[in-house]
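This report concerns only the one structure given below.
The values are calculated or read from the model by the stated rules, or taken from the named source; none is laboratory data. Here the structure is a predicted model, which means the values were calculated and not measured. Here the Cβ positions follow ideal geometry from the backbone for every residue, glycine too, while neighbour counts run over all protein chains shown. All accessible areas refer to the heavy atoms of the entire protein, side chains included, with ligands and DNA or RNA removed. Shrake-Rupley method; radii C 1.70, N 1.55, O 1.52, S 1.80 Å.
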Amino acid sequence: MRPLLGRRVVSVAVNLPGPLAARRLADLGAHVVKVEPPAGDPLATYAPDLYAELAAGMEVVMRDLKSAPLGDLLAGADVLITSSRPSSLVRLGLDPPALAAYPRLCHVGIVGYAADPQAAGHDLNYQAAAGLVRPSQLPSSLLADMAGGERAAFAALALLSERERTGAGGTAQVALDDAASVLATPRRAGLTADGAVLGGGNPFYAVYAAQAGHVAVGCLEPQFADRLAAALGARTAAELAATFLTRTAGDWEQWARAHDLPVNAVR
């Protein structure tokens, strides 16, 4: 399904959220013009494989926006994706008053903080503010950036849909701290607190050491829990822990698949 065939997207967003959003729109059929500064997208330096995956099939244009404005590219564009702070957009001629010259353009502006779009930040900051960072540990993934990129693509689709109704483009702001906050919702609701049903309080929703590796047991529903308990002859956390030590994580994964149980190796 390629519903965006014939649509043109211009992205001046570098690093991760913007390129991910552009990738999603390209996957839906849009022609994406990826505008990069003369030094290139920093993502290509610190994650070249990911950069190549996200930019595949896009038209990449090197341009110093301070001396070469985007007017020629925006004239026929449907969507513009930015990830600069408001003051930078003003200097580049990409702020809302300047973009009013393109009445059908849909602008998705990715910022760090909803309450203060001018404030500086990165994924680590947004996750920390949302309570997703354990002290002295870095996050295992760039959750805010990834979720923010997905939200930006969704916002672009919503703006295009609204334009079909009204004939006019519009602007949507996507804040990465909002994306992190949404990901923290289960924690705030107590679902993953220590001892809660999804926080270690249910022996059938837990991680256990295996003979080699670990297994993730997601037998949350009674039918899964009862079948696992019956098959293993174990129901308490201690009994399950002792049983899982008798095979490797890979063996347990194969066994669980054969028994239609949600148990898999931790990778």
Would you kindly give the portion of the calculated P(r) for the stretch 107-146 that falls above 13 Å, as a percent of all Cα pairs? 53
Shape call, the stretch 220-267: gyration tensor on alpha carbons, a/c limit 1.5: oblate
For the stretch 1-84 the mean separation of alpha carbon contacts under 8 Å (6+ apart) over residue count, i.e. relative contact order in percent, is 40
What net charge is computed for the residues neighbouring residue 152, neighbours being all others with C-beta under 13 Å from the C-beta of residue 152, Lys and Arg scored +1, Asp and Glu -1? 0
Pairs of alpha-carbon atoms within less than 8 angstrom and 6+ residues apart define the contacts here; what relative contact order does the chain have, in percent? 14
For the stretch 193-262, what's the relative contact order in percent, using C-alpha pairs closer than 8 Å and at least 6 residues apart? 32
Summing +1 per Lys or Arg and -1 per Asp or Glu among the other residues with Cβ less than 10 Å from residue 59's Cβ gives +2
Report the net charge of residues surrounding residue 37, where surrounding means a beta-carbon distance below 15 angstrom and charges are Lys +1, Arg +1, Asp -1, Glu -1. +1
Checked the stretch 83-177 against the a/c 1.5 cut and the a/b vs b/c comparison, axes a ≥ b ≥ c from its Cα gyration tensor; verdict oblate
Just the number, please: carbon plus sulfur as a percent of the accessible area of the stretch 132-218, 1.4 Å probe, no ligands or DNA/RNA counted. 55
Computed over the Cα atoms of the stretch 1-158, the Rg and Dmax in Å are 15.6, 48
Compute the helix-to-body angle for 222-232: its Cα long axis versus the longest principal axis of the chain, expressed 0 to 90° and rounded to tens. 50
Modelled label-to-label distance, residue 100 and residue 257, 7 Å Cα→beta-carbon offset: nm? 6.0
Full-extension gain in nm, residue 236 to residue 248, via 0.36 nm per residue minus C-alpha separation: 2.3 nm
In the chain the DSSP beta bridges are antiparallel at a rate, in percent to nearest 5, of 30
Per residue, accessible area of the chain with a 1.4 Å probe, heavy atoms of protein chains only, in Å², comes to 52
FRET efficiency, 1/(1 + (r/R0)^6) with R0 51 Å, evaluated for residue 61 and residue 223 via beta carbons: 0.40
Provide the percentage of antiparallel DSSP beta bridges, counting only those with both residues in the stretch 97-222; round to the nearest 5. 45
Let me check I have the definition right: for the chain, take the eigenvalues of the Cα gyration tensor, multiply each by 5, take square roots. What are those semi-axes in whole Å, largest first? 45, 19, 18
Calculate the FRET efficiency for residue 209 and residue 1 from the Cβ-Cβ distance with a Förster distance of 35 Å, rounded to the nearest 0.05. 0.20
Compute the long axis of helix 17-27 from its Cα atoms, compare it with the longest principal axis of the Cα atoms of the chain, and write down the angle in degrees, 0 to 90, nearest 10. 90
Please list 158-167, 226-235 highest first by mean number of surrounding beta-carbon atoms within 10 Å per residue. 226-235, 158-167
